[in-house]
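These notes concern the structure reproduced below.
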């Protein structure tokens, strides 16, 4: 069967903090309700939504969020407000007043530091004890109601090509590129941090290419478009530097490839 154009979609992106990547190995499909995982004495991880099928990933760097302690104020039984500092461009720090939904029922909330500056919210419940949530990219995307557009820089794009592996399997095994980014940020105090963006590619209809070739083609088009050099060294000039993959596409008659990377906040201007 010949087709003149291939159209690929990645589905909505899932943003994960690198320290939580191991918890993405959940049974595939839509999770029933919310799964709560205690990651430490005062930290809980809430998992919900659809799992499985994450075959494409990108490593992105972006500004850390610095919470201003004196600005935090409870405004209702479900919401609070805080001013948060970002460094969207090097040397230029801006402040943003952000309204948040609370992830849990709370009596009070304050700032807490786990890094070089206040970077988390500590919630006091109506019973004994407190619970902390880092103000990371995932938290901002889920709970901030007026989050500013956060520029992301794509540092690396990769895939899990084997049918028996998913993106979190690769990333949870001491991934060289991820470790390099984390080591650089830990080596010197930095306003920048790293997040992982996972994608679940949609199958091609009609199924005229093997799924492994679909994943490889999506990866190639994303690398060609965003050009995350120097961590990616191949596919930067796709299709010209990928003759084997290009020939597979040509054999089915395709002369045009379109990839739609779907996400609520991710577009070319956001990536910088």
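Looking at 208, 215, which one is over 21 Å from residue 137 (Cα atoms), in a helix (DSSP H, G or I) and in the same structural domain as residue 234 (by TED's automatic domain parsing)?
On the way: 208 fails: in a helix (DSSP H, G or I).
The match here is 215.
Quick grid of which residues meet (1) within 22 Å of residue 45 (Cβ to Cβ); (2) touching a helix residue (DSSP H, G or I) at 6+ places or on another chain (Cβ under 8 Å); (3) not assigned by TED's automatic domain parsing to the domain that holds residue 260:
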{"position": "144", "(1), (2), (3)": "yes, no, yes"}
{"position": "157", "(1), (2), (3)": "no, yes, no"}
{"position": "165", "(1), (2), (3)": "no, no, no"}
{"position": "171", "(1), (2), (3)": "yes, yes, no"}
{"position": "179", "(1), (2), (3)": "yes, no, no"}
{"position": "193", "(1), (2), (3)": "yes, yes, no"}
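Looking only at the range 66-82, which residues are in contact (Cβ under 8 Å) with a residue 12 or more places away in the chain and within 28 Å of residue 93 (Cβ to Cβ)?
We begin by selecting, within the range 66-82, every residue in contact (Cβ under 8 Å) with a residue 12 or more places away in the chain; these are 66-69, 71-72, 74-75, 77-82.
Those that are in contact (Cβ under 8 Å) with a residue 12 or more places away in the chain and within 28 Å of residue 93 (Cβ to Cβ): 66, 67, 68, 69, 71, 72, 74, 75, 79, 80, 81, 82.
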Can you name every residue in the range 115-130 that is surrounded by fewer than 18 Cβ atoms within 10 Å (Cβ to Cβ) and either farther than 12 Å from residue 65 by Cα or assigned by TED's automatic domain parsing to the domain that holds residue 193 (or both)? 124, 125, 126, 127, 128, 129, 130
Residue in the range 229-238 that is more than 23 Å from the chain's Cα centre (by Cα), in the same structural domain as residue 167 (by TED's automatic domain parsing) and more than 25 Å from residue 176 (Cβ to Cβ) present: no
Please specify each residue of the range 40-93 satisfying the condition of being more than 19 Å from residue 15 (Cα to Cα), in contact with a helix residue (DSSP H, G or I) (Cβ under 7 Å, 6 or more places away or on another chain) and modelled with pLDDT under 85. none
Give the residues of the range 85-139 that are on the phi < 0 side of the Ramachandran plot and out of contact with any strand residue (DSSP E or B) (no Cβ under 8 Å at 6 or more places or on another chain), sorted by residue number. 89, 90, 92, 105, 115, 116, 126, 127, 128
Is it fair to say residue 201 is buried (at least 16 other Cβ atoms within 10 Å of the Cβ), under 23 Å from residue 154 (Cβ atoms), assigned by TED's automatic domain parsing to the domain that holds residue 53 and at pLDDT below 90? yes
Which numbered condition in (1) assigned to a strand (DSSP E or B); (2) touching a residue at least 40 places away in the same chain (Cβ under 8 Å) is the only one that residue 103 fails? (1)
Single residue of the range 6-65 satisfying the filter (in contact (Cβ under 8 Å) with a residue 24 or more places away in the chain and assigned to a helix (DSSP H, G or I)) that is nearest to residue 195 (Cα to Cα): 18
State whether the residues of the range 204-226 include one that is touching a helix residue (DSSP H, G or I) at 6+ places or on another chain (Cβ under 9 Å), under 30 Å from residue 46 (Cβ atoms) and at pLDDT below 90. no
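The values are calculated or read from the model by the stated rules, or taken from the named source; none is laboratory data. Nothing here was measured: the structure is a model prediction, and the numbers come from that model. Don't worry about glycine lacking a Cβ; one is built from the backbone with ideal geometry, like all the others, and counts go over all protein chains shown.
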